[in-house]
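Here's the structure we're looking at; comments come further down.
The values are calculated or read from the model by the stated rules, or taken from the named source; none is laboratory data. On a predicted model such as this, the values are computed, not experimentally measured, just so you know. Heads up, the Cβs are rebuilt from the backbone with ideal geometry, glycines too, and the neighbour counts pull from every protein chain shown.
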Amino acid sequence: MMKINKIREMSSTDLEKELGELKTELFKLKFSLATNGLDNPMKIKEVKRDIAKINTVLTERKIADKKGEI
């Protein structure tokens, strides 16, 4: 589980890359859960939360960029 402070320190390109990796991991976890079960089903919830945190930070940055342009 990623901390929000760590996420805020990362660059936008790193966040986009991390977001792609997390989405891939989430797909694999869901697939595994559907086929043979998971040892730790809570892992899906953690990955979803990390995705949401990254999306939040990216959205905050986009809004800040737009405010700076005006």
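Can you tell me how many residues in the stretch 1-34 are of a type in the set (A, V, I, L, M, F, W, C), at pLDDT 95 or above and in contact with a helix residue (DSSP H, G or I) (Cβ under 6 Å, 6 or more places away or on another chain)?
5
Condition test on residue 64, is it loosely packed, with under 11 Cβ neighbours inside 10 Å, of a type in the set (A, V, I, L, M) and under 13 Å from residue 12 (Cβ atoms)?
Against the criterion (loosely packed, with under 11 Cβ neighbours inside 10 Å, of a type in the set (A, V, I, L, M) and under 13 Å from residue 12 (Cβ atoms)), residue 64 qualifies.
Would you check which residues across the stretch 13-41 are hydroxyl-bearing (Ser, Thr, Tyr) and within 14 Å of residue 53 (Cβ to Cβ) and list them?
none
Is at least one residue of the stretch 34-42 at negative phi, free of Cβ contacts under 8 Å to residues at least 24 places away in the same chain and within 17 Å of the chain's Cα centre (by Cα)?
Scanning the stretch 34-42 turns up at least one residue that is at negative phi, free of Cβ contacts under 8 Å to residues at least 24 places away in the same chain and within 17 Å of the chain's Cα centre (by Cα).
Specify the residue that is nearest to residue 59 (Cα to Cα); the eligible residues are those in the stretch 8-31 that are surrounded by 12 or more Cβ atoms within 10 Å (Cβ to Cβ) and among the hydrophobic types (A, V, I, L, M, F, W, C).
Of everything passing the filter in the stretch 8-31, 15 is nearest to residue 59 (Cα to Cα).
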